[in-house]
1. How far apart, in nanometres, would the label points at residue 297 and residue 202 be if each is projected 7 angstrom from Cα along the Cα-to-Cβ direction?
2. What distance in nm separates the two pseudo spin-label positions at residue 125 and residue 227, each 7 Å out from Cα along the beta-carbon direction?
3. Against the longest alpha carbon principal axis of the chain, how many degrees, from 0 to 90 and to the nearest 10, is the axis of helix 285-294 turned?
4. Can you list the aspartates and glutamates whose alpha carbon is less than 19 Å from that of residue 189, not counting same-chain residues fewer than 8 positions off?
5. Please report the equivalent ellipsoid semi-axes of the stretch 33-154, computed as sqrt(5 x eigenvalue) of the Cα gyration tensor, largest first, in whole Å.
6. Residue 53 to residue 323: extension gain in nm, 0.36 nm per residue of separation minus the Cα-Cα distance?
7. Helix 312-323 sits at what angle to the longest principal axis of the chain, using alpha carbons and giving 0 to 90 degrees rounded to 10?
8. Going by C-beta contacts inside 10 Å, put 8, 87, 193 in order with the fewest on the left.
Amino acid sequence: MRIIGIESSCDESAAAVIEDGRTICSNVVASQAEIHAKFGGIVPEIASRQHMITLIPVVQQALEEAGVKATELDGIAVTYGPGLAGSLLIGVNAAKGLALANELPFIGVNHLEGHIYASWLEGTDPEQGTGFPLMCLIASGGHTDLILMEGHGRYTLIGRTRDDAAGEAFDKAARVLGLGFPGGPAIQKASESSVGGEARFTRPNVKDSLDFSFSGLKSAVVRRAQEKHMYPPPEDSDLDPQEVANVAAAFQEAIVDCMVERTIAAARLHNVKGILLGGGVASNSLLRSEMSRRAPVEVIVPAPALCTDNGAMIGAAAFFHLRHGNRFQWDLDVVPNLRLG
Ligand code: KG4
Ligand code: ZN
């Protein structure tokens, strides 16, 4: 069964042809990061207009690279939420048009579920590997959710961020340290040059809950940068790259520590067989290594390129919906605040 997965919820126009929910026949991602970098963050109207320009060529490229015609597909899948309303609309309408024109099933996919199903791609199969239940940490620019997955389509939200998402905190810290956008990869890269010695950031403590809170850490990095006269950026001199690297590393350690600690606590509490990571922040190398080092159970995490937004994960999730007989109507609307579990 071949499905094209289309993703346009944020600033990536992406499409991928996926066979039987697991094999990637093609995977095309057109990132708008450079366009939004000028503004220090995503500008929603620019994002949706850019999807208008790039999405159809991306879909065409995905079909060409997979060597299939639209008529040979078994379904058209698209993210319908959560995300930016204007951006989602472009993808959903393109998918409806494609499905209607080729008389194919149309499948709406929850973006967060897509991040989970990225772990079914490229030869891995958590169901056959560790088996259910799994504790999923989905950490992205808009979400930091702990989701208990007891089977296909069976989700319970166990914890979430009370304020900022982890990716948002990475993006803010990078902006303050003059490292540009998107912040996560920039903080990770800068941290590699750290020589240590930077004072530890206090870990936020959300008592009696498995929720996260990152806004305190975000404010702490701003204060630290102000104390060191790094922020606002001095007009007459450049920032000391060594100092930036040291602060970036201390921040990364703190935020990773919070995510690892909470996820492992949730995993123990629910007695899961494995921990699954997904979302852009899951491409962070320290998070990946620390989670694997400290977790009491196996950690499943997709390749970094499948953690950030892509169409392959949407095609993978859609396969399981189609297999379960789930059908979506033509009047499916976008749901910017869609939740999972
Ligand atoms: O899942 P994603 O691609 O888009 C959303 O659904 O939001 O996640 C984007 C977020 C951004 O905040 C970005 O800074 C962060 O993921 N990110 C990272 C890394 N790569 C991307 N954060 C930490 N370390 C990384 N290597
Ligand atoms: Zn995402």
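1. Going by the 7 Å Cα→Cβ label model, 3.4 nm.
2. Computed distance between label sites residue 125 and residue 227 equals 5.3 nm.
3. On a 0 to 90 degree scale, this one is about 90.
4. Qualifying aspartates and glutamates at Cα under 19 Å: 34, 168, 171, 198, 238, 240, 243, 253, 257, 290.
5. Working through the eigenvalues yields semi-axes of 26, 23, 13 Å.
6. On the way: separation 270, 0.36 × 270 = 97.20 nm, distance 3.27 nm.
Taking 0.36 nm per residue and subtracting the Cα distance, the gain is 93.9 nm.
7. 40
8. Final ranking by Cβ density, sparse to dense: 193, 87, 8.
Just so you know, all these numbers are worked out from the coordinates, no wet-lab data involved. Please read all numbers here as calculations on a predicted model, not as lab measurements. Note that we place each Cβ from the backbone using ideal geometry, even for glycine, and neighbour counts take in every protein chain shown.
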